[in-house]
Each structure stands twice: as structure tokens, then as C-alpha cells.
Amino acid sequence: MPRRPGRRVAARTRGGPAVARLLILPAALWYGVFLLAPLAILVIVSVGERAANGGYTPAVTLEQYQNLATRLTPFLNTIVLAFWGTIGCLLVAYPLAYSLATRGGSLKTALMALIVIPLWTSFLIRTYAWMFILGSNGLPSVLRSLGFGDVQLLNTPFAVVLGIVYNYLPLMALPIYVSLERLDRSLLEASRDLGAGTFATFRQITLPLSAPGVISGCLLVFIPVMGEYLIPVLLGGGKTYFLGNALADLFLQSRNWPFGSALATAFIVVMVVVVAVYTWLTRRITAAGRQAALL
Amino acid sequence: MTGRRSGRWSGRWSGRLDRAAGLALNLYTVLVYVFLFTPIVIVVIFSFNAGRHASEFLGFSPRWYQAAWTNPFVLKALGNSLSVAATTAALATVAGTLSALAMPALGRRGRTVFEQLTYIAIIVPGIVIGIATLIFLVTAFNWLNPWLAYLTGGSAVALGLGKYTIIAAHSLFTMAIVNVLVRTRMQSADRTLVEASGDLYATPFRTFVEITLPQLLPAIIAGALLSFTFSFDDFIVAFFTSGQDQTLPIYLFSSIRRGVTPEVNAIATVLLAVTITMMVVAGLLLRGRGGRGSRRRRREAPIEPALPVPAVDRASAVRPEVNAS
């Protein structure tokens, strides 16, 4: 009976399914025309051939997919740097979330809101700010005056990873914070009463129980980072070539639509695989965590 | 026995933490805040730079704001951004809210399909949506334009990429976000009021206007403000679907690539001010307009995001609830 109150609310205020269909029509139409149709066209173009002047000639060939191997570098770059960026986010965010959840006191909601505020500001501007800081007149000139010699920071893979950590930190911190904040305090007391030290308690109780937060944080960061375009362009200086940059070049510069579409389709497939693996991992680890908590 | 719900396990347990470790943790937290806010503060400070170059600071002056304000390209881009964001917000709010209201009355199958599509619209990265929409629209226009010309005897304006295509693409994911926000709110809404209203012989329409709508209003308004902000801030989708029309982020991007000037900092600061103001207003509305009936529920509501929303900006869709509670 108490499944979803919302269902009852609407069921009683609205008429029957006929009204419902009418109400959902605009959104359904939009999904059809601007989500399904474009994705379908993407797949159709990916099995086509390139026209002489760019664009697309209808065909059914897997040639574009066979050529994907030539773009292995952006694929690898993306996966490797997205991986390090996610690890970086995790390393920075975990202690932060732990500190806020356990020691934030009455201020913790406000402190957490402060972490999230940068998410509300323009992504472009946040990335640009680092371009400004890492540029030759920024941090490197400070380092030079301190006697560190010439340090190149901007346009390096380091800058890209830094940009990822900076921009995506809130997305990692939030789910971890939520899982730590909800952690049952009595488990920690029990652990202490049974003679476990601070570290043992952390390793055996806190860490496993916050694993779901860590897993969903990693997913929240990894997926959008794979589609990143601005960070590699602005902080990587075009040297660190991501999938997003390869796609933009194929569509806007060389106008090789079929190949670009094949690359985009492959990208979606990789993403779906990653999400599937993560979901599977989440289930397993959550189950393991629950078991650990019960034992 | 302390209650499980007391939520403050900072007390005795952390007291057992090594004092030095606690201090280190505090210091670390402060450093992360510095890391998060320094870049933004630097952009704001340098926007007031009196000097000609972005690299050295020569005292405060509003000259770059004046420069930006008298730059016709900036004004055109700002105008485009504002009209795109406002139209997107209107479309997304209406279609998203209506679809959320309709979903419960839909068949199980239709509901599941629509729900999945909503998540897909939110999850697919902006770059993929941008590219797919670009190919789709160019193909569709190539096919439609000869017909239009034929039907109107060649007098019709050819369809092309521009402001309207940005609006179409932006409306897709903002609509999905409004749908999720309103649906989340519906699930925590007090259903007894609706039943009472029915028992008191109110017509379904009256019940909707006097009970359901006020309950959902905070989520609807927050959805509108979020849609506006996402559209106003978006670069990547607009980058592919804009054609010749520049929005402010696209203008900023191209001037950044040409070289950093204090003018860019000034525009960036204005953008920051606009988005932060919108978000604070959204947060306050969610806090203030909740109504008596829903406040109790909101305190109990989980702070966990309602859905996994990977795309950066979109992820904040689920945030206002956190800050309002």
C-alpha cells in the first residue's frame, strides 16, 4: 500500500491515461526528436562513407570501425588521464568528506554547501582560472623567483589531471560525505567496546561502509571526464588529446562525419560497459559491506 | 543509549582520535577550501586590474567592465545567452513538469520507457549530444530546405543552425532534470491532503490548483532556475549546435584561445555573479516556500542525490535539496 504516495496524488488529481498521454506528449516528442533521432542518425552515419567534400554518403560498411585503431591514442589518453583524475579526486575528497562528516558538527551542512558552490559556477571559467594560474606569469614565475628554475606547468598532462581534480572534486566528495554521514554510530561504539583501535575501526567499519559512496563518486567523476573537451584544450594545450577533442576535430575541422560517428558510437559503447561494470561492482561491494557490518 | 538518529557522532568517538591527527585533518580541510576558492577569487580580483595585461596587477579600476560593456560582440553574445536561457527554462519547466505529473497515471511499460529516456538524456555526455544533434539537424535541414523552397516558391528562409537549435538541444536535458526534480517532490508530497480535498468534494482541477501545485511549486521554480543556469553556462552543446550565433560562453572560449585579457576576467566575473545569484535564489525558494506540511518531510528526506547525474553542471540538479534542508 504505501508504495509511492506521489502516484496516488496524481492519479486522483488527473483524469485517466488519456490525459496523462496528452501531458507527456511534449516531453516525449522532444525525447524522440532530439535524443533518439540524433542517436539513431549517429549510428546510421557511422556505417556510411565519407563524401568527397566531407559530409556523408549512404552506405553500409564497417570500414570506419576498422579504422578506429588509428585513433587509439585519444582513447588511451582519455582512459588513462580520466583514471588518474578520478584517483586524484578520491584521494583529495575522502579525507575532506571524512573530516566534514565526523568533525563538522553543526556546521557540516553549511561546509558541504561551500564545497558544492563551485559546481554552480561556469565550468569554462573554473578551467580558465587555472590557465591563468598555471600560465608562465602565474605559479611558474613564483617558483622561478624562489629559485626552482623554469617549470612548465600549463599544457602538461599534470595540468589536465589538476583541472579534473579541481572541477570534479565536489562530485566525488558529495556521495562519500553522504555515506559517512549516515554511518551508524553504534557500530563504531561497538567496535571500540570490543577493543579495536581507531585505525582498526576505520579499516573494518568506516571504510567498508563508505564503499558505496566511493564507488558512486568514482562513477560520477569518471563518466563525464571521459567526455571532457575543455580541460584538455585549455590546460593540455592540444598536446593531451582526449576523445572529446578528436571528436570535435573530426566534426568541425576535417568534416569526416562517418569516422567521427563511429568514434562517438564506440565512445558510447565504452561508457555503457564502464557503467555496467561499476553497477556490478557496486552491488558486490555493498553486499560485502553489509556483511562486514553484520559480522 | 544514545539515539541512532542523533547524527552527531563527532563527540566521544572523535575525541579518541589522536589530537595531532585531528589537527592535521582540520588543516587539510582548510587547505582544500583554499584550493577550491583561490582560482575563482583570482579571476574576480584580476577583472578589476587597471593594467593592460592580464599578467600583472596595476591597481583597481572598472575599465575592463566598461570595455566589455561597450563591446558590441559581448553585448550580442550576452543577449543571445539570455534569450536562449530564458526560452530553454520556460520550455523545460512546462514540458518537464507536465511529464512528471503524467507519469504516475501512465501504464507501467510507458512509465519505465520514459524514465529510462529521462536518465539517458541526463547521462549522455554533452559532447555526444552536441555532435549527434549537429548531424541530425544538418541532415534534416538538407532534406527539408528544398521542400520548403518548393512549397513557398523559393521565398522561404532556409532553416539552419542558430539560437533555436541551441534552445532545442538545451531543452532536452533540462527538461529531464525538471522531470526528476518534480517527481522526487511528488514522492515526498503529503497525499492525505489530496485525499481530504477529494473527500470534501473538491473537483480534481481545484485539488490540483490548491493542493498539488503549491506542494510542487518549490521544485518547479528550482527546476526553472537550474534550467536557466545550465543553459546560460553551457559551452559544449552550444559549441556544436550554435551555427553563427555566439553565446557568451562561446565568445569567452574564443577570446581565451586568442589570448587572456582582463576583459575576459570581467565577463567571467559577471557570469559568476549571475549564476551564483540564481542559485542562491533557488536555494532560498526551496527553503522558504516549502509550506508547513512538507517541512517535516524534508527534514527526513535523504540528502543522497535523487539520481546519479554524471555531467558536471547537471549534477548540481539534485543539490538544492541538500542546502535547503
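The values are calculated or read from the model by the stated rules, or taken from the named source; none is laboratory data. Just so we're clear, the structure is a prediction, and the values are computed from it rather than from any experiment. Ideal geometry is used to build each Cβ from the backbone, glycine not excepted, and the neighbour counts take in all protein chains shown.
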**Report entry** Leading residue by the ranking (farthest from the chain's Cα centre (by Cα)) among those in region B:99-112 that are within 7 Å of chain A (Cβ to nearest Cβ) and not hydrophobic (A, V, I, L, M, F, W, C)
**Finding:** B:GLY107
Report task. State whether one or more residues within region A:42-56 are within 8 Å of chain B (Cβ to nearest Cβ) and at pLDDT 85 or above. Result -> yes
Query raised in the report: Does A:VAL178 count as under 22 Å from B:ILE256 (Cα atoms), without any contact (Cβ under 8 Å) to a residue 40 or more places away in the chain and buried (at least 20 other Cβ atoms within 10 Å of the Cβ)?
Result: no
Report summary line: Sole miss for A:TYR229 among (1) modelled with pLDDT under 90; (2) at the interface with chain B (Cβ under 8 Å from one of its Cβ atoms) is condition (1)
Query raised in the report: Only one residue in A:PHE199, A:PHE242 is of a type in the set (Phe, Trp, Tyr), at pLDDT below 90 and within 30 Å of A:LEU154 (Cα to Cα). Which one?
Result: A:PHE242
Query raised in the report: Do we have any residue at all in region A:210-219 that's closer than 23 Å to B:ILE256 by Cα, buried (at least 24 other Cβ atoms within 10 Å of the Cβ) and assigned by TED's automatic domain parsing to the domain that holds A:ARG284?
Result: no
Query - Contacts under 6 angstrom Cβ, first residue in region A:230-243 being assigned by TED's automatic domain parsing to the domain that holds A:TYR166, partner part of a loop (DSSP other than H, G, I, E, B), 6 or more apart - result: A:PRO232/A:THR240; A:PRO232/A:PHE242; A:GLY237/A:ASN155; A:LYS239/A:ASN155; A:PHE242/A:GLU228
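Yes/no per residue for (1) of a type in the set (S, T, N, Q); (2) surrounded by fewer than 20 Cβ atoms within 10 Å (Cβ to Cβ); (3) not in a helix (DSSP H, G or I):
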site: A:LEU23; (1), (2), (3): no, no, no
site: A:LEU42; (1), (2), (3): no, no, no
site: A:ASN67; (1), (2), (3): yes, yes, no
site: A:TRP84; (1), (2), (3): no, yes, no
site: A:SER106; (1), (2), (3): yes, yes, no
Query raised in the report: Name the residues in region A:156-190 that are more than 10 Å from every other protein chain (Cβ to nearest Cβ) and closer than 12 Å to A:VAL116 by Cα, would you?
Result: A:MET172
Query - In region B:46-94, the residues that are touching a strand residue (DSSP E or B) at 6+ places or on another chain (Cβ under 9 Å) and part of a helix (DSSP H, G or I) - result: B:ARG63, B:TRP64
Query raised in the report: Of the residues A:ILE205, A:ILE223, which single one is under 16 Å from A:GLY163 (Cα atoms) and part of a helix (DSSP H, G or I)?
Result: A:ILE223
Query raised in the report: Got a number for residues in region B:113-149 being within 8 Å of chain A (Cβ to nearest Cβ), of a type outside the set (A, V, I, L, M, F, W, C) and over 25 Å from B:THR184 (Cα atoms)?
Result: 2
Query - Total residues in region A:232-265, condition more than 11 Å from chain B (Cβ to nearest Cβ), aliphatic (A, V, I, L, M), within 18 Å of A:LEU81 (Cα to Cα) and in a helix (DSSP H, G or I) - result: 0
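Would it be correct to say that A:ASN167 is under 30 Å from A:ILE133 (Cα atoms), touching a residue at least 24 places away in the same chain (Cβ under 8 Å) and outside any helix (DSSP H, G or I)?
When the stated conditions are applied, A:ASN167 does not pass them.
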**Report entry** Check on A:SER145, more than 19 Å from the chain's Cα centre (by Cα), assigned by TED's automatic domain parsing to the domain that holds A:LEU96 and without any contact (Cβ under 8 Å) to a residue 24 or more places away in the chain
**Finding:** yes
Query - Members of region B:90-113 that are surrounded by fewer than 19 Cβ atoms within 10 Å (Cβ to Cβ) and under 13 Å from B:MET175 (Cα atoms) - result: B:ALA90, B:VAL94
Query raised in the report: In region A:74-91, is there at least one residue being among the polar types (S, T, N, Q) and under 27 Å from B:ALA168 (Cβ atoms)?
Result: no
